[in-house]
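In what follows, a structure is listed as structure tokens, so that the remarks can point back to it.
Readers should treat all values here as calculations from the given coordinates under stated rules, not as data from a laboratory. Please read all numbers here as calculations on a predicted model, not as lab measurements. Heads up, the Cβs are rebuilt from the backbone with ideal geometry, glycines too, and the neighbour counts pull from every protein chain shown.
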Amino acid sequence: MRTPRRLDRVLDLTAALGRGVIAMLRGIGGVALFAAEALSHVVRPPFHGRLFLRAFVEIAWFSLPVVALTAVFTGMVLALQSYTGFARFNAEGAVANVVVLSITRELGPVLAGLMVAGRIGAAFAAEIGTMRVTDQIDALHTLSTDPVKYLVTPRILAGTLALPLLVVVADILGVMGGWLIGTQQLGFASGAYLKATFDFLQPWDVISGLIKAAAFGFIVTLMGCWCGYTSGGGAQGVGRATTAAVVASSILILAVDYVLTALMFSR
Amino acid sequence: MSEPKIRLRGLAKSFGPKLVLDGVDLDIRAGHSMVILGGSGSGKSVTLKCILGLIAPDAGTIEIDGRDVATLSRADRRALNDRIGMLFQNGALFDSLPVWENVCFKLLAQKRIARGAARDRAAEVLAQVGLAASVGDLYPSELSGGMQKRVGLARAIAAEPDIIFFDEPTTGLDPIMGAVIDGLIVDCVRRLGATAVSITHDMASARRIGDDAAMIHKGRIVWTGAAASLGQTGNAMVDQFARGEREGPIEMELRK
Ligand SMILES: Nc1ncnc2c1ncn2[C@@H]1O[C@H](COP(=O)(O)OP(=O)(O)O)[C@@H](O)[C@H]1O
Ligand SMILES: [Mg+2]
């Protein structure tokens, strides 16, 4: 009597685990197919240039203040932290290098990506989710318009192209934040700080960050569109889709950041 | 009798464990107006969405003009949908676009008119549903329920379809506005010479817009006949529904 029951419990657990894994794989497969379909429309006319521009302005222009503030403060904090930390082993001179490398390679793209995930991922999920639950996506079908081509492709394209642009701005402002603290508070000479910044900086440091930015822009807009597109269950469903979009794209950004860093920098 | 425009055979659809359509058989005559009656949640909207290809049925066939739509290529399916207009139950107007762009959306998507000409064309179509041209510059959220229905109707007919679906066109409107919308529907369908399928649970409305009528209950068509006969069909279920009586063969499922 006892053994079968224990076996049952083990089997139940295995089944639950299996269902979870299958659901996850199905989700990943769904997102991948969705992304492939959206990308296929990039080269298939008709193109929705107007919608692309609208999405691009929404992402690039309206995220600018948030990303700029984040970058300036991060540069300032980096300078302070590395100065006080490095003073322990007399390496304060490395502040400028630490700031510029951290910002361009890592913090610029990641923080811009996370900020845009909160703003744009949520907005896209809510907008497209509302269209789903109010039958507007079905209406597109009946109005000779492919909803993925109309709603998703322009947004993903805009995100992938806009984020590198935002990160260029974040890089510049982040370095400026570090310079501000370095010269005003830590006693570096302005010229020497800038020289230290640019002497060791290599093009690849910046370019790798921009590649990351493009990947993060793709992830944020893809997850925003996917969560909205597959949302159901009225207003509550749209709320869940919005949360899911932000959480999923934030985690994916950090995971993909690791993978890209490993690919681009480990020799 | 000539071949029906739309022929449904054994159409079935479940959502999870919930059986919604359980073998729907229905013929819709070309150039005629069919009304489908049935209680809330009886699967009327799902039936229309299956015909439109928005929901894939689990079983059964849908023929339009004698062709099984399941066998159509993506391009042919799109070409078919190009000739179908739909008024959604809750309007489904695009709230990010002004009314004139909503109305001319299909014509613009099919590149049948230039953007510059769309405003004038929208004004013409809006006039057909009794709205002033100035409404074209408003956004859907600025309109009353009755005006939204009219704009939805204008959007459904703007591309001059030869099949039109109306999903509860008068639900939520006052009786006079309901009668006005019914009149507009009859006029538009007649002018286009289209085949129309309307969903309603308003008997007066069904008699006004329908030539034929069918009643759906528990996922099946339980009666078809002339719309004019509603109320004295001799079918206990239809008559109970038409008169809105609590006692009869239809029992409301209050649970599940
Ligand atoms: N996409 C869907 N997913 C799950 N259930 C659905 C879906 N669409 C409709 N249903 C269910 O199918 C039933 C019939 O819906 P519907 O056709 O909209 O009813 P009505 O006859 O009032 O138009 C309802 O119980 C509804 O909950
Ligand atoms: Mg319905």
(request) State which helices in chain A qualify, where a helix is a whole DSSP H run, it must extend 15 Å or more along its own axis by its Cα atoms, and its mean Kyte-Doolittle hydropathy must be at least 1.0. (result) A:62-86, A:153-184, A:203-229, A:234-265
(request) Using a 10 angstrom cutoff on alpha carbons, build the Gaussian network for chain A and name the most mobile of A:ARG105, A:ARG119, A:ARG54. (result) A:ARG54
(message) If you average the C-alpha positions of the range B:1-57 and of the range A:121-161 separately, how far apart do those two centres end up, in angstrom?
(response) 27 Å
(message) Neighbour counts of other C-beta atoms within 10 Å: give me A:TYR193, B:TYR139 arranged from fewest to most.
(response) B:TYR139, A:TYR193
(request) Enumerate the helices in chain B for which the Kyte-Doolittle hydropathy averages 0.5 or more and the C-alpha atoms extend at least 24 Å along the helix's axis, using complete DSSP H runs. (result) B:175-192
(message) Please report the spacing between the Cα centers of the range B:110-128 and the range A:1-67 in Å, no decimals.
(response) 39 Å
(message) Could you tell me the center-to-center distance, by alpha carbons, between the range B:156-204 and the range A:198-261 in angstrom?
(response) 45 Å
(message) Suppose a student asked you for the relative contact order of the range A:48-265, using Cα pairs under 8 Å spaced at least 6 residues apart; what percent would you report?
(response) 36 percent
(message) Report for the protein assembly as shown the percent antiparallel among DSSP-assigned beta bridges with both residues inside it, nearest 5.
(response) 55 percent
(message) As I understand it, the dipole of the protein assembly as shown uses +1 on the Cβ of Lys and Arg and -1 on the Cβ of Asp and Glu, about the Cα centre. Which of A:LEU260, A:GLY113, A:THR242 lies farthest toward its positive end?
(response) A:LEU260
(request) Would you tell me the mean number of C-beta atoms belonging to other protein chains that fall within 10 Å of each C-beta in B:81-89, as a whole number? (result) 3
(request) Kindly provide the helix-only [θ] at 222 nm of chain B, computed as the sum of -39,500 (n - 2.57) over DSSP H runs of four or more divided by all residues, to the nearest 500 deg cm²/dmol? (result) -10000 deg cm²/dmol
(request) In whole Å, largest first, what are the principal axis extents of the Cα atoms in the range B:1-142? (result) 47, 31, 29
(message) Residue by residue through A:142-154, how many Cβ atoms from other chains fall within 10 Å of the Cβ on average?
(response) 5
(request) Please say if chain A is rounded, prolate or oblate, where rounded means a/c under 1.5 for a ≥ b ≥ c the square roots of the C-alpha gyration tensor eigenvalues, and otherwise the choice is prolate for a/b larger than b/c and oblate otherwise? (result) oblate
(request) Summarise the long-distance tail of P(r) for the protein assembly as shown by giving the % of C-alpha pairs beyond 29 Å. (result) 62 percent
(request) Sort A:224-233, B:177-186 for me by packing, meaning the mean count of neighbouring Cβ atoms within 10 Å per residue, highest on top. (result) A:224-233, B:177-186
(message) To the nearest 20 Debye, how big is the dipole of the protein assembly as shown about its Cα centre, given +1 on the beta carbon of each Lys and Arg and -1 on that of each Asp and Glu?
(response) 980 debye
(request) Let me know the charge dipole size of chain A about its Cα centre in debye, to the nearest 20, where only the beta-carbon of Lys, Arg (+1) and Asp, Glu (-1) is charged. (result) 720 debye
(request) Provide A:TYR258, A:TYR83 in ascending order of the number of other Cβ atoms located within 10 Å of each residue's Cβ, fewest first. (result) A:TYR258, A:TYR83
